[in-house]
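S.K.: Dropping the structure in here first, questions after.
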Amino acid sequence: MTRANPKPIAHGVDPGPPKLASLIDADVIRRAGIVALILGSVLTLANQSGAIFGEDSVQVLPLVLVYLTPFVVVTVSQVLGIRRALLDAGRGRASVSPRDAFLATALSRGIPLRSLLLGSIVGTVNTSIVISAALMDGGKLADLPTALIGQAFVLPMLFGLVSQAISYRRAALAIGRRPQAEAQPLSI
């Protein structure tokens, strides 16, 4: 379980947002690793099926990126979701019921904007790496598959949105189960 121990608010003073790195633990890494293995394998089958089942050669850089990207996106998204739930709880706004619609959570609390920004950053980095590698190998920009470039932007946005919403809900529900004055670490 993810443990977050937000500083208690002393004398009405807000201690500020929790540090992002303090929200990364074994559970966050484990969940990100599982998603990366599943998604990376599916995308490898889809994008490099010729190398797996045919005569084509494996493209190493895209293979690495297809596993690394979901891992990074899901890790960062979980941390952002947990952090937002902790901040909202400090402001008295992190109430989520298990009966609330998932889509309502996913489309609120700044999650779409953070997902768009994260997907744009990750997509730009991935595309820059792939374009640089292709040009260094003597390729041409016209030869780059546009579907893969689109995938580099869309998938991080989508998985960032889903992962942030799940993490926000998990954290908000855990916060809601704690007594107000409890100083124990938060299990998410």
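The values are calculated or read from the model by the stated rules, or taken from the named source; none is laboratory data. Note that the structure is a prediction, hence the values are computed from the model and not measured. All Cβ positions, even for glycine, are placed from backbone atoms using ideal geometry, and neighbour counts span all protein chains on display.
S.K.: Identify, from the list Ser95, Ser49, Ser57, the residue that is over 19 Å from Leu118 (Cβ atoms), modelled with pLDDT under 95, polar (S, T, N, Q) and surrounded by 12 or more Cβ atoms within 10 Å (Cβ to Cβ).
M.R.: So the residue among Ser95, Ser49, Ser57 that is over 19 Å from Leu118 (Cβ atoms), modelled with pLDDT under 95, polar (S, T, N, Q) and surrounded by 12 or more Cβ atoms within 10 Å (Cβ to Cβ) is Ser95.
S.K.: With respect to Arg170, determine if the residue is over 12 Å from the mean Cα position of the chain (by Cα) and within 22 Å of Ala26 (Cα to Cα). Please lay out each step first, then the result.
M.R.: On the way: over 12 Å from the mean Cα position of the chain (by Cα): yes; within 22 Å of Ala26 (Cα to Cα): yes.
So Arg170 fits the description; yes.
S.K.: When you go through Ala101, Ala36 one by one, which is the residue that is of a type outside the set (S, T, N, Q), out of contact with any strand residue (DSSP E or B) (no Cβ under 9 Å at 6 or more places or on another chain) and surrounded by 14 or more Cβ atoms within 10 Å (Cβ to Cβ)?
M.R.: Working: Ala101 fails: surrounded by 14 or more Cβ atoms within 10 Å (Cβ to Cβ).
The conditions single out Ala36.
S.K.: Additional query: Is it true that some residue in the stretch 125-146 is under 22 Å from Val28 (Cβ atoms) and touching a residue at least 24 places away in the same chain (Cβ under 8 Å)? I'd like the intermediate steps shown before the answer.
M.R.: Step one: of the stretch 125-146, the residues under 22 Å from Val28 (Cβ atoms) are 125-126.
Now narrow it down to the ones that are touching a residue at least 24 places away in the same chain (Cβ under 8 Å): 126.
Yes, the conditions are met somewhere in the stretch 125-146.
S.K.: Another one. I'm told Gly139 meets every condition in (1) over 11 Å from the mean Cα position of the chain (by Cα); (2) of a type outside the set (Lys, Arg); (3) at pLDDT 95 or above except one. Can you identify the failing condition by its number?
M.R.: In the conditions (1) over 11 Å from the mean Cα position of the chain (by Cα); (2) of a type outside the set (Lys, Arg); (3) at pLDDT 95 or above, Gly139 misses (3) alone.
S.K.: I've got another one for you. Looking at the stretch 72-79, can you tell me whether even one residue there is over 22 Å from Ile175 (Cβ atoms), touching a residue at least 24 places away in the same chain (Cβ under 8 Å), surrounded by 14 or more Cβ atoms within 10 Å (Cβ to Cβ) and β-branched (Val, Ile, Thr)? Before you say what the answer is, go through the steps one by one.
M.R.: Our first condition is that a residue be over 22 Å from Ile175 (Cβ atoms); within the stretch 72-79, this holds for 72-73.
Those still in the list that are touching a residue at least 24 places away in the same chain (Cβ under 8 Å) too: 72-73.
Cutting the leftovers down to surrounded by 14 or more Cβ atoms within 10 Å (Cβ to Cβ) gives us 72-73.
Cutting the leftovers down to β-branched (Val, Ile, Thr) gives us 72-73.
Yes.
S.K.: Within the stretch 104-133, track down each residue that is aliphatic (A, V, I, L, M) and in a loop (DSSP other than H, G, I, E, B).
M.R.: At the first step, the residues of the stretch 104-133 found to be aliphatic (A, V, I, L, M) are 104, 106-107, 111, 113, 116-118, 121-122, 125, 129-131, 133.
Within the stretch 104-133, just Leu107 meets the criteria.
S.K.: Name the single residue that is farthest from Ala174 (Cα to Cα) among those in the stretch 80-103 being in a helix (DSSP H, G or I) and in contact with a Ser or Thr (Cβ under 8 Å, 6 or more places away or on another chain).
M.R.: Initial filter on the stretch 80-103 (in a helix (DSSP H, G or I)): 80-90, 102-103.
Within this subset, residues satisfying the condition of being in contact with a Ser or Thr (Cβ under 8 Å, 6 or more places away or on another chain) are 80-82, 85.
Values: Leu80: 16, Gly81: 13, Ile82: 10, Ala85: 10 Å.
My answer is Leu80.
S.K.: Residue under question is Ser77, and the condition is that it be of a type in the set (Gly, Ala, Ser) and either over 23 Å from Gly176 (Cβ atoms) or under 18 Å from the mean Cα position of the chain (by Cα) (or both); does it hold? If you could, list the steps in order and put the result at the bottom.
M.R.: Details: of a type in the set (Gly, Ala, Ser): yes; either over 23 Å from Gly176 (Cβ atoms) or under 18 Å from the mean Cα position of the chain (by Cα) (or both): yes.
Yes; evaluated as a whole, the condition is true for this residue.
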